[in-house]
1. DSSP H helices in the chain with Cα extent of 18 Å or more along the helix axis and mean Kyte-Doolittle hydropathy at least -0.5?
2. Considering only protein heavy atoms and a 1.4 Å probe, what is the carbon-and-sulfur percentage of the accessible area of the chain?
3. Tell me, what is the per residue accessible area of the chain in Å², probe radius 1.4 Å?
4. Spin-label point model (7 Å from Cα, Cβ direction): what's the SER98 to GLN30 distance in nm?
5. So how strong a dipole does the chain carry about its Cα centre when Lys and Arg Cβ are +1 and Asp and Glu Cβ are -1, to the nearest 20 debye?
6. Below 24 Å Cα-Cα, how many Lys pairs turn up in the chain? Only count pairs eight or more apart in sequence, or on different chains, if you could.
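The values are calculated or read from the model by the stated rules, or taken from the named source; none is laboratory data. Note that the structure is a prediction, hence the values are computed from the model and not measured. All Cβ positions, even for glycine, are placed from backbone atoms using ideal geometry, and neighbour counts span all protein chains on display. Calculation scope for accessible area: heavy atoms of the full protein, side chains included, ligands and nucleic acids excluded. Shrake-Rupley method; radii C 1.70, N 1.55, O 1.52, S 1.80 Å.
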Amino acid sequence: MAKSVRILSICGSGTVTSSMVASKLKEYLQGQGYSVTSTEAKPQQALQLAQSGRFDIIAHTSPLPRGDYGIPCVNAFACITGMGEDKFFKDFMDALKSVGK
């Protein structure tokens, strides 16, 4: 049975880049045995969504407003440039493991 993970993907507009990051994460995580669901949103929506309890982790390409998100937040800018993607995926997996996923 696949482990499940719920990702909140954040970018400036809440659409294009966050969808791209979510897609890359889904592909990578499915290869690692995860079942993935994702939601894309704007930074202004991130804190409220994170505190809703519906997500396990945040991947963001835009700065996040200050606040207690209660879940790991991983900078996903490497997914845009392609430079440092391996480190991003490692950091993301380490963050998932920190929440027992």
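1. Correct list, ordered by number: 16-31.
2. Answer for the chain: carbon and sulfur cover 51 percent of the accessible area.
3. For the chain, the solvent-accessible area averages 55 Å² per residue.
4. 2.8
5. The dipole of the chain has a size of about 180 debye.
6. Within the chain, the lysine pair count is 19.
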